[in-house]
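Single-structure report; data block below.
The values are calculated or read from the model by the stated rules, or taken from the named source; none is laboratory data. Predicted, not measured: the structure shown is a model, and the values here were computed from it. Backbone-built Cβ (ideal geometry, glycine too); neighbour counts: all protein chains shown. Quick note on the areas: whole protein, heavy atoms, side chains included, nothing else; ligands and nucleic acids left out. Shrake-Rupley method; radii C 1.70, N 1.55, O 1.52, S 1.80 Å.
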Amino acid sequence: MLKRALLLVKDSRSPANYRQRREMAKSKFEYVRDFEVPDTCLPNCWAVVRVDGRNFHRFSEQHKFTKPNDLRALLLMNRCAETVMEEIKDICLAYGQSDEYSFVFHKKSNWYKRRASKFITHVVSQLSSSYVFYWNKFFPDQTMLYPPGFDGRVVLYPSVQNLKDYLSWRQADCHINNLYNTVFWALVQQKGLTPAQAQDRLKGTLSGEKNEILYSEFNINYNNEPAMYRKGSVIVRNKVNEISKKIIKLPDRAEQEEVEVCRVRSQTVVLHCDLISDAFWVDHPEVLSCES
């Protein structure tokens, strides 16, 4: 009887029976699948998923973020981005500033057959859930009043130079925004100007003029501000040797021996460095190589 049951199970797993069950499982409603639009990203292109906080200006005000930069919020975003990279191994680099993060999928990646919707939804959902999960670690005295929202988009870059220019653009944007915010909040918090007056004071000023205001009126050298604020955060993968101990049984002997086992694993590292010059790419060739 048992033998007969095993034969039935084996027969049910055969390709012919599998196809038959698939055909029987079809219904008249299955035609709706034809409305799905293919969204495969072009092959051999760097896919960048950029995630932005939705209406984060209001969120930061409601949760009393420190202006112009809240270290806790930036470290929280970095931790969330690391979680995304830990979960999705095809991401070779991430760059973040404020409530924004860009995740670079290697051009050789075939993750989820390069479907754009999968790239976006997985990255955004992983970062969003991580933000809520790690909130209490970085804001132990601040209750989250309502869940934050994030949106995402995917953009393809066909060449390495296109990718480098994209990251340079985001880092230049970080510098421009942070310089403006540093001067703006110094005028509001230390000079007593209203936000409207500070905005009017800075209207039409160039970077050199903003630096001069900081130095002459507040004795602040912008170049001495933390690199995280000025340059943003870059996350890469480093290979590290992990040594552990293991008990093995010696061949043809009853004794056991403790030996050290070394294995190489990947670990994320957060840097605050210049992406615009070539130095970063010389120091981290693995980001663009197929090893990623």
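Helix 116-133 and the longest principal axis of the C-alpha atoms of the chain enclose an angle of approximately 70°. Note: relative contact order over the chain, using C-alpha pairs below 8 Å and six or more positions apart, is 20 percent.
Each label was represented as a point 7 Å from its Cα along the Cα-to-Cβ direction; for Phe35 and Arg265 these points are 4.6 nm apart. Taking all protein chains into account, the per residue accessible area for the chain stands at 62 Å² (1.4 Å probe).
Ranked by accessible surface with a 1.4 Å probe, highest first, in what order do His272, His106, His57 come? Don't skip to the answer; put the middle values down first.
Details: His272 70, His106 10, His57 120 Å².
Result of the area sort, largest leading: His57, His272, His106.
Which percent of the accessible heavy-atom area of the chain goes to carbon and sulfur, probe 1.4 angstrom? On the chain, the fraction of accessible area on carbon and sulfur atoms equals 53 percent.
Over the residues of the chain, the helix contribution to mean residue ellipticity at 222 nm works out to -13500 deg cm²/dmol, using -39500 (n - 2.57) for each DSSP H run of at least 4. Computed extension length for Asp165-Ser289: 42.9 nm, one decimal, from 0.36 nm per residue of separation with the Cα-Cα distance subtracted.
When every Cα-Cα distance of the chain is counted in 5 angstrom steps from zero, the calculated P(r) takes the values 1, 4, 9, 11, 12, 12, 10, 10, 8, 7, 5, 4, 2, 2, 1, 1, 1, 0, 0 percent.
A probe of 1.4 angstrom, applied to the heavy atoms of all protein chains, finds Arg201 with accessible area near 100 square angstrom.
Mind checking the dipole of the chain: about its Cα centre, +1 per Lys or Arg Cβ, -1 per Asp or Glu Cβ, Debye to the nearest 20? All intermediate terms of the calculation are to be shown ahead of the outcome.
On the way: 42 positive and 35 negative charges, 329 e Å.
Around 1580 debye, computed over the chain.
Mind checking which of Asp200, Asp90, Asp99 has the largest fluctuation in a GNM of the chain, springs on alpha carbons under 10 Å? Fluctuation is largest for Asp200.
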